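The values are calculated or read from the model by the stated rules, or taken from the named source; none is laboratory data. It should be emphasised that the depicted structure is a prediction, and the values quoted were computed from it without experimental measurement. Virtual Cβ from ideal backbone geometry, glycine too; neighbours counted across all protein chains shown. Surface areas here come from the heavy atoms of the whole protein model, side chains and all, with no ligands, DNA or RNA. Shrake-Rupley method; radii C 1.70, N 1.55, O 1.52, S 1.80 Å.
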Amino acid sequence: MAPLARELALRHGVLEPLQTASSIAGQVEELKELLEESADLPVTLVGHSWGAWLGYIFAARYPGLVKKLILVSSGGFEDKYAATTHETRLSRLNAEGREEVKRLLEIIRNRSSDDRNADFARLGELFFKTDAYDPLPLEPPDTVFSLEIYKSVWGEATELRRSGKLLEMGREITSPVVAIHGDYDSHPAEGVERPLTAVLGDFSFILLDKCGHKPWIERQARERFFAILEEEL
């Protein structure tokens with residue numbers, strides 16, 4: 001989210017939290033502590049991908065701290081949409097790419113390796129290609145990848161989704177919620193729009209044409225994305 005944060009910081013006060021806790025509860029409390037120390041509350045939270053879910057969970061747990069919640073390219077909120085994401089990604093790779101994804105997933109899930117964080121990062125590179133529609137050239141992110149944090153947090157998150165508890169949390173959110181989603185995102189838009197429409201009292205959904213998972217890097221959607229963000233902020 002660093003490129004997005006830098007762009008917004010030209011016109012707004014921005015915090016870009018870096019999550020280090022290995023549980024959902026830990027990441028929620030990390031975010032709460034940072035906001036209470038450094039922000040004027042309540043805040044507008046902008047969360048991308050997993051960060052969208054984290055913002056959603058945070059807004060349900062601490063509704064008084066959130067003025068508005070903006071979900072960018074969120075994962076689906078019901079289990080039935082999860083398989084579609086993986087199938088879409090594989091369909092956008094050639095045979096060599098599909099084999100590499102299969103090999104990396106096997107390593108990540110079942111084997112011990114000193115390079116598993118590097119393998120995890122490589123998997124992210126492959127999925128970046130499948131998730132982008134017409135991306136602008138980018139410098140490699142200065143990011144430390146932690147497979148162990150991912151596995152721990154994502155394991156909890158998928159269980160919340162499977163059980164239906166993730167979606168039900170939305171009934172505790174009192175702030176307006178806006179979801180922005182690309183039509184080329186491998187995470188299906190209907191997996192966000194339909195479930196959230198059913199549980200949120202103040203919800204709007206915006207679909208961006210010719211846009212993948214990271215709208216701020218999309219050549220044909222970037223301008224509209226930032227215009228929408230400015231309007232919502």
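Observations on the model:
- Descending by average beta-carbon neighbour count within 10 Å, the peptides 202-208, 226-232 line up as 202-208, 226-232, the highest first.
- Fully extended contour minus Cα-Cα distance, from Arg219 to Glu190, at 0.36 nm per residue: 8.1 nm
- Only Cα sites of segment 8-59 enter the Debye sum here, all with the same form factor; the resulting log10 I(q)/I(0) across q = 0.21 1/Å is -0.78, listed in q order.
- Convex hull projection area averaged over all views, segment 65-186, Cα basis, nm²: 9.6 nm²
- Rolling a 1.4 Å probe over the protein heavy atoms gives segment 36-170 an accessible area of 55 Å² per residue.
- Among Asp79, Asp131, Asp185, the residue with the largest mean-square fluctuation in a Gaussian network model of the chain, with springs joining Cα atoms closer than 10 Å, is Asp79.
- Residue order by solvent-accessible surface for Val46, Val28 is Val46, Val28, largest first, with ligands and nucleic acids left out and a 1.4 Å probe.
- The mean sequence separation of alpha-carbon pairs under 8 Å and at least six residues apart, normalised by the residue count of the chain, gives a relative contact order of 24 percent.
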